[in-house]
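What follows is a set of notes on a single structure, which appears directly below.
Values quoted throughout were computed directly from the atomic coordinates according to the rules given, and no laboratory measurement underlies them. All values derive from a computational prediction rather than experimental measurement. Cβ sites come from the backbone with ideal geometry, for glycine too, and all protein chains shown count toward neighbours.
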Amino acid sequence: MPESTEVSSLDPLTGDPAGVTGAPTGRRLLRTTLVAAWTAWWSLVWGTAALLLLPLQQWKRRWRIWCLRQWARGITAILHVDIVSDGPIPRAGPLVLVTNHLSYLDVIILAQLVGAVFVAKREVRSWPVWGVLSRAMETIYIDRGRRRDTLRVSDAIERALHRGENVVIFPEGTSTDGSAVGPFRSSLLEAAARTGRAVHYASLSYRTSPDDPPARLAVCWWGDMEFAPHFWALCGITQIEASVRFGDEPVRAENRKQLAQSLHQAVTNHFTPVTNKEQA
């Protein structure tokens, strides 16, 4: 769950932000059922083929990335998420991509655009459903309560890059409400700084229609929000616009702190705060 921050209350029955009229229950039930069925199907497809490809690790990795991308495309279609991409999507890997972090939807969006492994906090490993999926997709977990764990994670990132995989990092360390880009932690950029690797960057933002709950509450996942009621509310949104702006050129720096500062400035310059269209 995101780190604790003050957040507007949600209706305990509907999961909607306080004072916002709920979407039809039928729409939520249908989308929830479709998400569960689609996830179960691709888990079966991935698991069956992974067993057959076990001796062929390179092909297994390619299959994993392809399955993740197909699953993510289906989820965005079910949830009516319209992805608007701006700037050159980095294609030539292996590469490191840094973005701001707003929601669990970020992973689904980026999985379609940039096939990659993700770095996530250790707690994700034990989450229902999401934890199982993240383990299957070989997510790199970090224990933020142990400073020394960053050394292990940096080595894991370097190994993934050496295998030819792309790695996505959320250096804010937690998801936010989308009002601004939080400070970037430099520890996860050690591998890139040490090897002089250029780091790509992108900014994420979400919008909902004027008739839907605001994206800050219904799409962004932050503060003390619980996953189940938040996802239930998300399934009721008519349409979500996910905006991804990629930087024109990757960033290099001599050390990780300089790299974190340069990337934070670059992402901030591209970032559009999360607001509804009538507020823009």
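Taking the fewest neighbouring Cβ atoms within 10 Å as the starting point, the ordered list for Leu161, Leu204 is Leu161, Leu204. With θ taken as phi - 60° and the Karplus curve 6.51 cos²θ - 1.76 cosθ + 1.60 applied, the whole-hertz 3J(HN,Hα) list for the stretch 63-75 is 5, 4, 5, 5, 5, 4, 5, 5, 4, 5, 4, x, 5 Hz, x standing for glycine and proline.
Considering only alpha-carbon pairs that sit under 8 angstrom and 6 or more positions apart, the relative contact order computed for the stretch 32-167 is 25 percent. Each of Trp41, Trp222 was scored by other Cβ atoms within 10 Å of its Cβ. Listed from fewest to most, they are Trp41, Trp222. Of all the C-alpha pairs in the chain, what % are more than 35 Å from each other? Counting pairs separated by more than 35 Å, the tail of P(r) holds 14 percent. Put +1 on the Cβ of each Lys and Arg and -1 on the Cβ of each Asp and Glu in the stretch 197-280; which of Ser203, Trp221, Pro273 then has its Cα farthest toward the positive end of the dipole? With unit charges placed on the Cβ atoms, the residue in question is Ser203.
If both residues of a DSSP beta bridge must be in the chain, then about 35% of such bridges are antiparallel. Summary value for the chain: 28 percent relative contact order, contacts being C-alpha pairs under 8 angstrom separated by 6+ residues.
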